[in-house]
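To start, the structure itself, in structure tokens.
Read the figures in this text as sums done on the coordinates, not as results from a lab. Computed from a predicted structure; not experimentally measured. Every residue, glycine as well, gets a Cβ built from its backbone with ideal geometry; the counts of neighbours run over all protein chains shown.
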Amino acid sequence: MTDSTLTPSPSAIILEIFASIWYRKQPRQINKTLEELKEFEEVDYWDEVVEIMEWSKTHVTSTLYICWAAQAGLYYHYGIKKHILNKKISGVYEHHPLHNKLPIIRGFDDKFYVPHSRNTGVDGEAIRKNKELTIVAESDETGPYIILNSTGSQVFVTGHPEYDVMSLHYEYVRDVKRGLNPDIPKNYYKDDDPTKKPVKSWRCHANAMYYNWLNYYVYQVTPYDLEKDK
């Protein structure tokens, strides 16, 4: 894979769930749950994910890792292992900041909400013991949410702030059709009734996080050589 293949931005990259599928020549169907439960090295596109993560160290100012990618990044860069949960986390959960002065959560309230949809989690204690990492925000129910490295070049987000208002609904309906007997996503539907519309309660904080990341961890700290760019 050449440098010209991986150029989503000169200064930032968002590593989403299964991002490396972008670089596969043949389209395929991915069973998200089965892939999530595998050890990282057993995922058949793990080599591509590693290549992207290595590339990001020298080609971008900051990388934002989301959900499965956050777990993958924590494991690859810092040896933080994931673990399988006793029960799937699905819904919109209350969170709170731990370091209010850090720019990544500037403008956040004392409590805010984030969608989660996953069968695995990260080791909060292992993260706290690592001097290179800081848990910036967390949930009493779902654990660490935003984890920042010491330079701000890596931001790990364990939830789904990017979810559309209907994303959890589509996942719930899909799993019902598959006969998986899923729990109703928590704090999502009005009155917890899946026949009613979902309540959008996370968009403002999601937008604030993306703005803060791009502004404080990318734009303001990226060295631009304007003469060179002419």
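Here are the numbers for the structure shown:
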quantity	calculated
Potential extension, D193-Y211 segment - 0.36 nm per residue separation minus Cα distance	3.2 nm
Sites Y170 and R106, calculated FRET efficiency, Cβ-Cβ separation with R0 45 Å, nearest 0.05	0.90
Cα pair distances exceeding 17 angstrom across segment 104-230, given as percent	66 percent
Packing-based ranking, highest mean first, of 68-81, 172-185 given that Cβ atoms within 10 Å are counted	68-81, 172-185
Within straight-line cross-link reach of K38, lysines at Cα separation under 24 Å, skipping those fewer than 8 residues along the same chain	K25, K81, K82, K87, K88, K177
q = 0.20 Å⁻¹, segment 29-90: log10 I(q)/I(0) [Debye, one scatterer per Cα]	-0.85
Convex hull (Cα only) mean projected area of segment 179-229, reported in nm² to one decimal	6.9 nm²
Inter-centroid distance (Cα atoms) of segment 46-118 relative to segment 176-214, Å	18 Å
Extended-chain gain in nm, criterion 0.36 nm per residue less alpha-carbon gap, K38 and K57	4.3 nm
Kirkwood Rh in Å, taken over segment 59-125 so that all alpha-carbon pairs contribute	13.9 Å
Calculated FRET efficiency for the pair T222/K87, C-beta based, R₀ 35 Å, to 0.05	0.25
Value in Å of the Kirkwood radius, where segment 110-179 supplies the Cα pairs that are averaged	13.8 Å
